[in-house]
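Here is the structure we will look at, set down as structure tokens.
The values are calculated or read from the model by the stated rules, or taken from the named source; none is laboratory data. As the structure is a prediction and not an experimental result, all values here were calculated from the model. We place every Cβ from the backbone using ideal geometry, glycine too, and count neighbours over all the protein chains shown. Only protein heavy atoms, including side chains, enter the accessible area calculation; ligands, DNA and RNA are left aside. Shrake-Rupley method; radii C 1.70, N 1.55, O 1.52, S 1.80 Å.
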Amino acid sequence: MPFPADNSDWPLDGRRYDRVQERSVWYAGDPDELEAFYRGGVVQSAPLSRWQNLGGGKSRRVDERQTSKFWGTEQTGPVDEKVHLPIPEKIAHMSAETLFSDPPRFIVEGPTVKDPATGKVSLAPDTQRTQDRLDSLVEQTGLLATLLSAAETASALGSVALRLAWNTDVAPYPTISRADADAYEPFYSWGVQTGTLFWQVVQADASTVWRHLELHENGAIYHALYQGTAVNLGRPIPLSEHPATASLEVNEFGATFARPGITTAVNIPNMLPDPLDRRSNVGRSDYTPACIGLFSAIDQAASSLMRDLDDGQSRLLVADYMLKNLGFGKGAAFPDGERMFVKLKRQPGDNGQEAPIDQVQFDIRVEEHLAIIEDLSKRAIEAAGFTPDQDQGGDASDMTATEFVGRNKRTLATRDKKVLYWRESLSRLLTSLLVVDREVFGTQITPMPVRVVFPDAVQESPKVLAETAGAQKNADASSRYTRIQTMHPDWDEADIEAELKRIEEEGASDPSVLGLPLPPAGPVANPPAEDDDEAA
């Protein structure tokens, strides 16, 4: 798959890019950015319009404006009148924590050996060496932190890409880096990812944009530098013409690395399908159009509450002639505490009496506003696929795993769906990480497939597990194998078999382990000798 054609429209998939930018603004949660986005102003994160190439040197402007009844309306009050509640950011946090608060295990699948004396199954030396190196890479590269941040941006923007990267001058090992949905374009054929195009703006001025493009395809990594505009890719120029790419050493095909058969980059969808483009395999955001409408309504309710707070301040209605004269040409002002006073055109009363001073204070509808905000927030979190009560943890009493599952079915179901996309992609990428570690850095290991195991979202306490295993034994309803499996749900077949072997060895010297009666304590008295007469 070659690089895009010269002078291609940019970005390549403008409609997806526009949707990603809308969700990016909600994820950032900056009220100024939100208002600028929906009112057609300048948003710092990305332009809001594109140009479509019509051929023959002609082009037309493409404007795709999203609307918001609240953020799209003109500001009529003070500049800080509108308030934003970070519900979108909270949803992204919940998604990441649901997936990776308990980190997955990365297990090298290679040959094993069995100790004939103990029956314990362990990893073969080559497998153990590869497993140790993988554990070291996971720790050195900060992979678990990368996965947390990647899951968060995937929730907000719809997808995230992970790619292999290395620089022998910086670190003696390869790493895995994250790219958000507005910095790459994945390519698919019949549902299978065939390549990923990453880009980075290395320089930009009023009329020209230099972009570094990085294409990952079939184990090869290609680089190119393009000079264009904000809405046009432009033409390729030599990598040496910009300091950001001058140090890249590429072969005659523009590749810095080529190892057919491995995976150097993966796109991980947040969820599929995308209702806005059902044919797409890229992924959809947790911020569906319905959620975004609820976000806007939540902000409107919060802003209304803050206006009530401002309107609820006590005011005194006074005549304008009661103002304090500041001197010739300097006007007049209220006395100290001037925010309490409201100037009215009033005349003195009859018989020389002063004009009345009236006090006004409006009610602050706190309970009504908070009820609306709570209800809308609950609906938004549910629409994103999570259980609202989960975010209110802290004050809840201790629950058993069964109770937790019953109360958080929606969150657990969403987690199970997302794990499907992460597990397979991480497995392929980590397997390729071991290959690069050997090929580029010369590490003496044998690359082997890596299996990614996500822990159970809900785990019973050891006390509950022990009580369950004890009840099974007392009821004579399970084998020793099943009870060990109950006590240690994270153990594999080899671990369970080794534990059975140890129990049998202990049982050979301790009959109580096998349920046999213990011999009487202390020395055993000799039986009385029989009487000679009786014997006769």
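If each of ALA475 and VAL192 carries a label point 7 Å out from its Cα toward its Cβ, how far apart are those two points in nm?
4.8 nm
So for ARG407, ARG259, ARG16, what's the accessible-area order with a 1.4 Å probe, most first?
Result of the area sort, largest leading: ARG407, ARG259, ARG16.
Each residue of the range 474-489 in order: what ³J(HN,Hα) in whole Hz does its phi give by Karplus 6.51 cos²θ - 1.76 cosθ + 1.60, θ = phi - 60°, with x for Gly and Pro?
5, 8, 6, 10, 7, 7, 5, 4, 5, 5, 5, 5, 5, 6, 10, x
Please list 431-438, 200-207, 151-158, 262-269 highest first by mean number of surrounding beta-carbon atoms within 10 Å per residue.
151-158, 262-269, 431-438, 200-207
Give a residue-ordered list of calculated ³J(HN,Hα) values for the range 409-416 (Karplus: 6.51 cos²θ - 1.76 cosθ + 1.60, θ = phi - 60°; whole Hz; x for Gly, Pro).
Per-residue couplings from phi come out as 4, 5, 5, 5, 5, 5, 4, 4 Hz.
Working with all protein chains in place, sort ARG307, ARG15, ARG129 by solvent-accessible area computed with a 1.4 Å probe, largest first.
ARG15, ARG129, ARG307
Ignoring ligands, DNA and RNA, please state the percent of accessible area on the range 112-165 from carbon and sulfur, probe 1.4 Å.
Ligands and nucleic acids excluded, carbon and sulfur give 55 percent.
I need the calculated FRET efficiency for the pair LEU144 and GLU374, taking r as the beta carbon distance and R₀ as 35 Å, to the nearest 0.05.
My answer for the efficiency is 0.55.
Where does each of TRP190, TRP491, TRP26 land when they are ordered by accessible area, with a 1.4 Å probe and the largest first?
TRP190, TRP491, TRP26
I need the phi-derived Karplus couplings for the range 259-276: 6.51 cos²θ - 1.76 cosθ + 1.60, θ = phi - 60°, integer Hz, Gly and Pro marked x.
Once rounded to whole Hz, the list reads 9, x, x, 9, 10, 9, 7, 9, 9, 10, x, 5, 7, 9, x, 9, x, 7.
Please list, ordered by chain and number, the residues whose modelled amide H lies under 5 Å from the amide H of THR229; skip anything fewer than 5 residues away on the same chain.
The list, which skips near neighbours in sequence, is VAL209, GLY234.
For the range 412-459, just run the numbers: alpha carbon Rg, then divide by 2.2 N^0.38 Å, N being how many residues it has.
1.49
Sort out for me the Cα centre separation of the range 254-289 from the range 7-26, rounded to whole Å.
Each part's Cα centre sits 15 Å from the other's.
If a/c stays under 1.5 just call it rounded; otherwise compare a/b with b/c (prolate if a/b is bigger, oblate if not). Do that for the range 190-263, with a ≥ b ≥ c from the square roots of the Cα gyration tensor eigenvalues.
Verdict is oblate for the range 190-263.
If we sort 287-298, 370-381, 167-178 on the protection proxy, mean other Cβ atoms within 10 Å, highest first, what's the order?
Going by the mean number of other Cβ atoms within 10 Å, highest first, we get 287-298, 370-381, 167-178.
Residues with amide H under 5 Å of TRP10's amide H, sequence separation 5 or more or different chain, H placed in the peptide plane at 1.01 Å from N; which?
TRP51, ASN232, LEU233
Which length gain, in nm to one decimal place, applies between ARG278 and GLN200 when the Cα-Cα distance is subtracted from 0.36 nm times their residue separation?
Going from the current span to full extension adds 25.3 nm.
If I take R0 = 56 Å and measure r between the Cβ atoms of ASP30 and GLU506 in this structure, what FRET efficiency does the formula 1/(1 + (r/R0)^6) give, to the nearest 0.05?
Rounded to the nearest 0.05, the efficiency is 0.30.
Just the number, please: Stokes-Einstein D of the range 237-287 in µm²/s, Kirkwood Rh from C-alpha pairs, 4 °C, 1.567 mPa s.
D = 89 µm²/s.
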